[in-house]
Amino acid sequence: MSGTSVDGVDVALIETDGERVASFGPSLTIPYADDVRRTIHAAFGAERASDATSAAERAVTEAHVMAVQRWSAEHDIALSTIDLVGFHGQTITHRPEKHFTWQIGDGAALAGSLGVRVINDLRAADVAAGGQGAPLVPVYHAALVRDLPRPLVVVNVGGVANVTWVGADDSLLAFDTGPGNGPIDDWCARHAGQRYDNDGMLAATGTVDRTRLGHFSEHRFFARIPPKSLDRGDFSD
């Protein structure tokens, strides 16, 4: 997994029957090198193939190959014992109103390098059919909390923040709630010369700008009825 924060690749072993998460195995996070992050950022917003998107896709795929191989070596787990690798890729553009989303990453190349079956391009068909492009997230959240009292909500804060409502009758409602770490990371890169606000230390030195916060809360996205979703750059202004 590589999320909209573009901070790196997360590798995790999960055992599941599709209804419950039976167990969690070891995990590993490999940060993107600065040049890889710049290459990915150069492809943001693209809606057609170009030299920039091709370079970004190669970089993302190679980073995932390296991350999985390193995970396998560090935890002494043979890749031949893995049933399936899920490859989300890296979202560079998300325009559900146009029935378009793009997650770069070469699934065939990843499968060839690892010798393991890979499933990828997880979102395009959902968006083309009128969905918001994250069909697995609510199902995973439901499996994760299968044995907990319901109704409940699961909140996830990445580059964009999202929530899943799991009803007492197993009904699901999931949608993006607003920006997450993405704008904060971008601000840190522009003004503080660092990739993110480590432990919130920069934020802790300031005070809340109530006027700006009020203006922010009037953004048209918050008035829309869910399900709804965001592109990483939708709050860049």
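The values are calculated or read from the model by the stated rules, or taken from the named source; none is laboratory data. In this text, all values refer to a predicted model and were calculated from it rather than measured experimentally. Note that we place each Cβ from the backbone using ideal geometry, even for glycine, and neighbour counts take in every protein chain shown. Note: areas computed on protein heavy atoms with side chains; ligands, DNA, RNA excluded. Shrake-Rupley method; radii C 1.70, N 1.55, O 1.52, S 1.80 Å.
Does the range 76-154 come out rounded, prolate or oblate, given a ≥ b ≥ c as the square roots of the eigenvalues of its C-alpha gyration tensor, rounded meaning a/c under 1.5 and, failing that, prolate meaning a/b above b/c? Can you show the working numbers first?
Details: a/c = 3.06, a/b = 1.11, b/c = 2.76.
Oblate.
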Answer rounded, prolate or oblate for the range 24-128, using the Cα gyration tensor with square roots of eigenvalues a ≥ b ≥ c: rounded when a/c is under 1.5, else prolate when a/b is larger than b/c, else oblate.
prolate
Can you put ILE104, ILE77, ILE119 in order of accessible area, largest first, using a 1.4 Å probe?
ILE119, ILE77, ILE104
Need one value: the accessible area of ARG70 in square angstrom, 1.4 angstrom probe, rounded to the nearest 10.
110
Scan around HIS88 for amide H atoms under 5 Å from its own, H built in the peptide plane at 1.01 Å from N, and keep only partners 5 or more places away or cross-chain.
SER2
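Do the sum for the chain: with -39,500 (n - 2.57) for every DSSP H run of n ≥ 4, divided by all residues, what is the mean residue ellipticity at 222 nm, to the nearest 500 deg cm²/dmol?
Value at 222 nm, helices only, nearest 500: -9500 deg cm²/dmol.
Sum up the charges of everything whose Cβ sits under 10 Å from the Cβ of TYR32, counting Lys and Arg as +1 and Asp and Glu as -1, but leave TYR32 out. Numbers along the way, then the final one.
On the way: positive: ARG37, ARG38, ARG195; negative: ASP7, ASP34, ASP35.
So the surrounding residues net to 0.
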Quick one: net charge of ASN198's neighbours, Cβ under 13 Å, K/R +1, D/E -1?
-3
Probe 1.4 Å, protein heavy atoms only - accessible area per residue of the chain in square angstrom:
58
Determine the order of ASP169, ASP35 by accessible area, beginning with the largest, at a probe radius of 1.4 Å.
ASP169, ASP35
So for the range 1-65, taking the charge dipole from beta-carbon charges (+1 Lys/Arg, -1 Asp/Glu), which of THR16, VAL6, PHE44 sits furthest toward the positive end?
PHE44
The range 38-123: which GluC sites (Glu not before Pro) are DSSP loop and have at most 16 other beta-carbon atoms within 10 angstrom?
GLU47
For the range 128-144, in residue order, the Karplus 3J(HN,Hα) values (coefficients 6.51, -1.76, 1.60; θ = phi - 60°; whole Hz; Gly and Pro = x) are 4, 8, x, x, 9, x, 9, x, 8, 4, x, 5, 5, 4, 4, 5, 5
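In the range 48-196, what percent of the accessible surface is made up of carbon and sulfur (1.4 Å probe, ligands and nucleic acids excluded)? Before the final figure, lay out the partial values.
Numbers: 4290 of 7850 Å².
The C+S portion of the solvent-accessible surface of the range 48-196 is 55 percent.
What does the charge add up to near ASP83, with Lys and Arg as +1, Asp and Glu as -1, over the other residues with Cβ less than 12 Å from its Cβ?
Numbers: positive: ARG117; negative: GLU15, ASP17.
Spelling it out: positives minus negatives among the neighbours equals -1.
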